[in-house]
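Since the structure comes first, as structure tokens, the remarks are kept for the end.
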Amino acid sequence: MSELAKQYNPAEVEDKTYQWWESNGFFHASINPDKTPHTIVIPPPNITGILHMGHILNNTLQDVFTRWKRMQGFEACWIPGTDHAGIATQNVVEKALRKEGTTLRDLGREKFVERVWEWRTLYGGTINTQLRKLGVSCDWERERFTMDEGLSNAVKEVFVQLYDKGLIYKGKYIVNWCPREQTALSDDEVNPVESKGHLWYIKYQIEKSEEYIVVATTRPETLLGDTAVAVNPKDERYKDLIGKNAIVPIANRVIPIVADDFVDPTFGTGAVKVTPAHDPNDYQTGIRLNLPQMIVMDTSAKMNNIVPPKYQGLDRYECRRELLRDLEKLQLLVKTDDHVHNVGHCYRCDTVIEPYLSDQWFVKMKPLAEPALKAVQDGTIKFYPDRFTKTYEHWMTNIRDWCISRQLWWGHRVPAYYLPDGSIIVARNIHEAGEKLKAKGSQYKKEDLKQDDDVLDTWFSSWLWPFSVHDWPKETDDLKYFYPTDVLVTAPDIIFFWVARMIMAGLEFKGEVPFRHVYFTSLIRDASGRKMSKSLGNSPDPLDVIATYGADALRFTVLFIAPVGQDVLYDNDKCEIGRNFANKIWNAGRFLMMHRDFLTVDNEQLTIINPNNSEDLTDQWIISRFSSTVKEVTAAMDNFRVNDAVKLLYEFLWKDFCDWYVEFVKNRMQETSDVHLKRAIITRALTIYEETLKLLHPFMPFVTEEIFQHLSDRKNNETIMRCTMPQTAQTESRINPDIEKQMEFLQNVITAVRQIRSEMNIPMSKAIDFVASCNEFEKQAILENNKSALQKLLRLDIMTIGIAVPKPGYAASSVVNGQEIFIPLKGLIDTGIERDRLQKEIDRLEGQLRGVMAKLNNDSFVNKAAAEIIEKEKNKQQNFEQTIQKLKTNLEQLVG
RNA sequence: GGACGUUUAGCUCAGUUGGUUCAGAGCGUUCGCCUCACACGCGAAAGGUCGUAGGUUCAAGUCCUACAACGUCCACCA
């Protein structure tokens, strides 16, 4: 143990430690009436997923919250799991099938679903294996999957409940249809691609007149399904036409000319053809104005038998060409402009999406949204950063019904059953459907029922996640204890898909919000600010990074550079921050342990010391600093300011503890030969250090555990992750501003002398003399009491400390908190450098003084500013003047 | 087009309610050090008119207005 490596080696520590934690059940949470639960459910990653930088930040945060609360004495439970990810997973397996030369249609539904399950068993857990590398303390015994039996039950239950309440309905709706995949896609599964197209201007004759109205369209083939022409009601040009009829060219149907606000008079001709069955905007217009919907294509985007025979069976683009030719012949095509616009493409196969009117299942969202909106507005649920509340409000007040059916095979099958007469029975399973049939006294039997072919949107299972993981609708003890959860950590881009819907589901089915705090993580970008993506290849593999720098380094770095609500520019090099810090922690521990072990060789019993009871200034100071660190870090964590917490700890451990405190400890250890005193000193330092390790543990679990084990030679499986976190309530009283002021003076003196050394080019190998001419007894005493530390740290020879000590000749000088410091230079310096140095300091202070004087000479300032502010300025004036005077005198002497 | 966010040192960012020597940190750069925990380290230095223009105030990096640049989300207009 005394032979600890000079550098911390994460590779030797991490896997071993993780296995030890996991096999000892340290991550496991169970119902404990004596403790308050603290629950987090993981945003379940896709089973097709592999770890990327976004996961790193997200899961590190969840782990930090969980470990922090666990050490604060909560029953901290972090539930992991994965999402079945309907389309993504079906895609992956389909691809594999294609390689084998087969397709899902060949296989048939049942076999295909079996194949997906097989795939899931083999590869679906990859991401969880990867997450372990990060050190996450999830309760793996509670791992769930959105297609588990329990979760499937929840999905069915919810479907039935909502259906019975009239909140789920089947209806025609315009959806994003992929003609190739033969499925509806959600909006987020459609990639808008900027494309060069055309805008065609087409004449529609006004009924019973020789007049025409010209409409502009990018999709002329849909005119066969037009059921109106719309203009803006305020558009003077068309005012007279409103209420009249137009004739659809080619189809020769009569359609009304209507007025609707959505029409932009400045675009095109200001007149729009309306095709409710083939355009989302037109669909909305059609609903508003009660227009008929004419479907003119089949599901493969070929023209159907509603259109004139000439075009039947043509592909939409062939039809477009034909139609344009015909319009031209009829001289109905006025002109053709180039036009750039966004066209939706299928994210899987890149086929152009066809807005298509089809039978789908929907959830009525308005009744669910209202209480969910209120929960956020009244503060029951808080968002971090707060500004996402506005985004949420906007969406919730403009919510549209949710299309939940997907034409896929992998997913929760819609629990609706059809009878030969077309009627629908919604039930949790076929048996229940049969029962319902019987209850109705229907002529049909269970065998006549045929289940809906569609599956449900993946989010339809994820929105239940916070309670379905506890086997709701069963009222399990776990559900009672661990629900609602405390924090949700997620990315802001799924605020609508997931966060909002979970809130709705929680309130609807549990009558209680699913979580109280929502922490939205930063978006990780590459060093030049680009979004990380697979296609750009700019996303580093976190496992490589962990292998190179260590998991702690990655975790710490990501937290260090990721403030709340701001994007993060990430680069692998930045992990040096975390790696170096881990190494610093390691070496501080190594140093202290070396001393301790040296002292215990005599095998005497260790003197019990009270770490809070020391006469030594630096001891009192570090205790005070430690106590404020506890307070500030705790406050930061309470407010979800993780980034602040991390920076405070970095600052404390590195600057206060290592750079100052340990340096003083070194000297004190050297200064005395009293073993008991030595022991007291080192034990005190170790106590502070160990408490600091606890504070650091949630952020850097591995290195802190490793040192913790070495620190105490623990025999009985004691882990730092189950220790009690230092608490503000216990440490707050030890914050001592007076001690911190005293120490600050000492530090300033040391820095001043170092500055002289550095600028005068006096190497540490050369001892120097030191004269302190004080004008305050208290400051003199501080220097006296720490004489040996000054001597050691500054490599001093003769020291003279007193009140109004005469200035030595030829000395560099500095004024520190009103006290004069001289370093006699015995001719080994260039007086020019010292002159410049002093002059520069005088200039700086005179600048400050001018600022102060400007205020004090300003009547309105003196009349209007608060008295204490004026007092402060006067004090400043005095300090500046006195210091400048001293510096000037020194400067003159130097010249003389 | 709508909503929101960002703009402070070469780079990445802190700066909480206007007033503490408030203009800061880290990285990078420069200089000096292998000082018996750590060169993944120690000590020191240089570097900024706080996006622009107004306004409020005794006092503005901080509050207000407009503008500019960049970014995110939503609607993405036939």
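The values are calculated or read from the model by the stated rules, or taken from the named source; none is laboratory data. Quick caveat, the model's predicted, so the values are computed rather than measured. Note: ideal-geometry Cβ built from the backbone for every residue, glycine included; neighbour counts use all protein chains shown. These accessible areas exclude ligands, DNA and RNA; they are computed on the full protein's heavy atoms, side chains included. Shrake-Rupley method; radii C 1.70, N 1.55, O 1.52, S 1.80 Å.
Worth pointing out:
- Residue within the range A:857-865 that is near RNA strand B (Cβ under 9 Å from one of its atoms), basic (Lys, Arg) and open to solvent by 40 Å² or more (accessible area, probe 1.4 Å) present: yes
- Odd one out for A:Ala547, checked against (1) more than 14 Å from RNA strand B (Cβ to nearest atom); (2) over 20 Å from the mean Cα position of the chain (by Cα); (3) more than 20 Å from A:Pro44 (Cβ to Cβ): (1)
- Subset of the range A:378-416 [among the hydroxyl-bearing types (Ser, Thr, Tyr) and out of contact with any Lys or Arg (no Cβ under 9 Å at 6 or more places or on another chain)]: A:Thr391, A:Tyr392, A:Thr397
- The residue pairs whose first member lies in the range A:206-221 and is open to solvent by less than 30 Å² (accessible area, probe 1.4 Å), whose second member is among the aromatic types (Phe, Trp, Tyr), and whose beta carbons are closer than 6 Å, counting only pairs six or more residues apart or on different chains, are A:Ile213/A:Tyr204; A:Ala216/A:Tyr201; A:Thr217/A:Trp200; A:Pro220/A:Trp200.
- Residue that is modelled with the lowest pLDDT, among those in the range A:249-265 that are among the hydrophobic types (A, V, I, L, M, F, W, C) and either within 18 Å of A:Tyr283 (Cβ to Cβ) or more than 15 Å from RNA strand B (Cβ to nearest atom) (or both): A:Phe262
- If you check A:Gly441, A:Gly529 for being in contact with an Asp or Glu (Cβ under 9 Å, 6 or more places away or on another chain), surrounded by fewer than 18 Cβ atoms within 10 Å (Cβ to Cβ), more than 24 Å from A:Ile381 (Cα to Cα) and among the small types (Gly, Ala, Ser), only one passes: A:Gly529.
- For A:Ala246, the stated conditions do not hold, so it cannot be described as in a strand (DSSP E or B), crowded, with 18+ Cβ neighbours inside 10 Å and within 12 Å of RNA strand B (Cβ to nearest atom).
- Which listed residue is among the aliphatic types (A, V, I, L, M) and on the phi > 0 side of the Ramachandran plot, from A:Ala867, A:Ala804: A:Ala804
- Within the range A:398-425, being in a loop (DSSP other than H, G, I, E, B), closer than 30 Å to A:Glu118 by Cα and more than 30 Å from the chain's Cα centre (by Cα) holds for A:Gln407, A:Leu408, A:Trp409, A:Val414, A:Pro415.
- Within the range A:31-54, the set of residues being closer than 14 Å to A:Trp140 by Cα and loosely packed, with under 15 Cβ neighbours inside 10 Å is empty.
- Residues satisfying the stated conditions in the range A:636-659, i.e. near RNA strand B (Cβ under 9 Å from one of its atoms), surrounded by fewer than 21 Cβ atoms within 10 Å (Cβ to Cβ) and assigned to a helix (DSSP H, G or I): A:Asn643, A:Asp644, A:Lys647, A:Tyr650, A:Glu651, A:Trp654, A:Lys655, A:Cys658, A:Asp659
- Those residues of the range A:222-241 which are among the β-branched types (Val, Ile, Thr) and surrounded by fewer than 16 Cβ atoms within 10 Å (Cβ to Cβ), in sequence order: none
- The range A:457-476, residues that are within 17 Å of A:Glu143 (Cα to Cα) and either open to solvent by 50 Å² or more (accessible area, probe 1.4 Å) or touching a residue at least 60 places away in the same chain (Cβ under 8 Å) (or both): A:Ser461, A:Ser462, A:Leu464, A:Trp465, A:Pro466, A:Phe467, A:Ser468, A:Val469, A:Asp471, A:Trp472
- Condition check for A:Thr299: closer than 24 Å to A:Ser195 by Cα and modelled with pLDDT under 90: yes
- Cβ pairs under 7 Å, 6+ apart, first in the range A:152-180 and more than 22 Å from A:Arg400 (Cβ to Cβ), second open to solvent by 40 Å² or more (accessible area, probe 1.4 Å) and among the basic types (Lys, Arg): A:Lys156/A:Arg428; A:Glu157/A:Arg428; A:Val160/A:Arg428
- Listed by first and then second residue, the pairs linking a residue in the range A:575-594 that is more than 27 Å from A:Asp526 (Cβ to Cβ) and assigned to a helix (DSSP H, G or I) to a residue that is more than 8 Å from RNA strand B (Cβ to nearest atom) and open to solvent by 50 Å² or more (accessible area, probe 1.4 Å), with Cβ atoms under 8 Å apart and 6 or more places separating them unless they lie on different chains, are A:Met593/A:Met1; A:Met593/A:Ser2; A:Met594/A:Ser2.
So that you can scan it fast, the table gives a plain yes or no per residue for (1) touching a residue at least 12 places away in the same chain (Cβ under 8 Å); (2) closer than 30 Å to A:Trp68 by Cα:
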site: A:Gln730; (1), (2): no, yes
site: A:Arg734; (1), (2): yes, yes
site: A:Arg757; (1), (2): yes, no
site: A:Lys766; (1), (2): yes, no
site: A:Ala772; (1), (2): yes, no
site: A:Ile782; (1), (2): yes, no
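- One residue stands out among those in the range A:266-303 that are away from RNA strand B (no atom under 14 Å from the Cβ) and open to solvent by less than 30 Å² (accessible area, probe 1.4 Å): the one that is nearest to A:Asp240 (Cα to Cα), which is A:Leu291.
- The residue list A:Lys111, A:Lys133, A:Lys99 contains one member that is under 21 Å from the mean Cα position of the chain (by Cα) and open to solvent by 30 Å² or more (accessible area, probe 1.4 Å), which is A:Lys133.
- The single condition among (1) within 18 Å of A:Val352 (Cα to Cα); (2) touching an Asp or Glu at 6+ places or on another chain (Cβ under 9 Å); (3) charged (D, E, K, R) that A:Lys310 does not meet is (1).
- Residue in the range A:874-884 that is at pLDDT 85 or above and aliphatic (A, V, I, L, M) present: yes
- Checking A:His345, A:His339 one by one, the residue that is more than 22 Å from A:Asp493 (Cβ to Cβ) and within 12 Å of RNA strand B (Cβ to nearest atom) is A:His339 and no other.
- From the list A:Phe708, A:Phe699, A:Phe745, A:Phe664, the one residue that fits, being touching a Ser or Thr at 6+ places or on another chain (Cβ under 7 Å) and among the aromatic types (Phe, Trp, Tyr), is A:Phe664.
- Among the residues making up the range A:367-392, those that are assigned to a helix (DSSP H, G or I), open to solvent by less than 60 Å² (accessible area, probe 1.4 Å), under 27 Å from A:Met637 (Cα atoms) and not small (Gly, Ala, Ser) are A:Leu373, A:Val376, A:Phe388, A:Thr389, A:Thr391, A:Tyr392.
- Criterion violated by A:Asp571 - all others in (1) open to solvent by 40 Å² or more (accessible area, probe 1.4 Å); (2) near RNA strand B (Cβ under 8 Å from one of its atoms) satisfied: (2)
- Single unsatisfied condition, A:Lys510 versus (1) closer than 26 Å to A:Arg132 by Cβ; (2) in contact with a Phe, Trp or Tyr (Cβ under 6 Å, 6 or more places away or on another chain); (3) more than 16 Å from RNA strand B (Cβ to nearest atom): (1)
- Considering the conditions (1) open to solvent by 50 Å² or more (accessible area, probe 1.4 Å); (2) charged (D, E, K, R); (3) touching a residue at least 24 places away in the same chain (Cβ under 8 Å), A:Arg837 is excluded by exactly one of them, (1).
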